[in-house]
Amino acid sequence: EGMIGLKEAWLVTQNRLVLDQLTSGATLLDGSALFANRPDSGTGTIQATNNNLRSTGAAPSDTEWGLMAELYAGIAGIGTGRRVRGTLDTILTPTNAVHQAAVRTFETYPVVGETKVAATTSSLGIYRGKVKVVPDSELNSINATTYYGFRRPTDLRTATIVRGYFNGYGAEGKREQWYDYDTKVTYVSLEGRVAVATKNWRYAIKNVGTGA
């Protein structure tokens, strides 16, 4: 039980470090916050809009996710009009009504009970089964309605927040174990050393959603 507790505490610590970076309004090299409506950039008829903050959003839904997908398609790099690639495929939510709305929108269900009509986009789950729902109770204390859309957030190239572990520690930390013959007790220690940072490419959309 002690080892389980140590491991859980280490994982929770890492998770909180990542969420702190995500929710603290970190400033990137272009001088703008991680989530911001930056000036348009690039050339051509349609420039990159560079807005990855949906400040007037609503609860997760087909319509809302579609609008977030459009914003994502308009994100460019720092000092360039070149856009990010791919589409949003992961939603991070607080564990409340926002999570429930995300489950109703994205999770797959048996055909029985499904009332979607294929000919009508307003009643068709066009993103059902294509978005991974990740609830996190830590977000409840930060903003009860805000959620995030990511593209493959655990891949190094498309990650928004990255972690690095000190040599000799690794993702699971460094364990030591010894036995006290006098008390007949086995002692275990777990030490972890990790650094967390925000990348300078935006592969995420923040939605301050209301009305969940």
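Some points to look at:
- Selection status of P39, assigned to a loop (DSSP other than H, G, I, E, B) and either open to solvent by less than 40 Å² (accessible area, probe 1.4 Å) or in contact with a helix residue (DSSP H, G or I) (Cβ under 7 Å, 6 or more places away or on another chain) (or both): no
- Pair list, Cβ < 8 Å and 6+ apart or interchain, from region 93-107 residues that are closer than 10 Å to N140 by Cα and open to solvent by less than 20 Å² (accessible area, probe 1.4 Å) to residues that are in a loop (DSSP other than H, G, I, E, B) and charged (D, E, K, R): T93/D136; P94/D136
- Some residue of region 56-66 being open to solvent by 40 Å² or more (accessible area, probe 1.4 Å), outside any loop (DSSP other than H, G, I, E, B) and within 23 Å of L28 (Cβ to Cβ): no
- Neighbours by Cβ (under 7 Å, 6+ apart or cross-chain): first from region 51-63, polar (S, T, N, Q); second surrounded by fewer than 18 Cβ atoms within 10 Å (Cβ to Cβ) and not in a loop (DSSP other than H, G, I, E, B): N51/N37
Every residue, every condition in (1) closer than 29 Å to G86 by Cα; (2) surrounded by fewer than 16 Cβ atoms within 10 Å (Cβ to Cβ); (3) in contact with an Asp or Glu (Cβ under 8 Å, 6 or more places away or on another chain); (4) among the basic types (K, R), yes or no:
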residue	(1), (2), (3), (4)
S137	yes, yes, no, no
T145	yes, no, no, no
D155	yes, yes, no, no
N167	no, yes, no, no
W178	no, yes, no, no
T183	no, yes, no, no
R193	no, yes, no, yes
K206	yes, no, no, yes
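- Whenever a residue of region 3-26 is in contact (Cβ under 8 Å) with a residue 40 or more places away in the chain, its partners that are surrounded by 13 or more Cβ atoms within 10 Å (Cβ to Cβ) and in a helix (DSSP H, G or I), lying with C-beta atoms within less than 6 angstrom and at least six residues away or across chains, give the pairs L19/E138.
The values are calculated or read from the model by the stated rules, or taken from the named source; none is laboratory data. Predicted model only: the values in this text are computed from it and were never measured. Cβ atoms come from the backbone with ideal geometry, glycine included; neighbour counts cover every protein chain shown. Heavy atoms of the whole protein, side chains included, go into the accessibility calculation; ligands, DNA and RNA do not. Shrake-Rupley method; radii C 1.70, N 1.55, O 1.52, S 1.80 Å.
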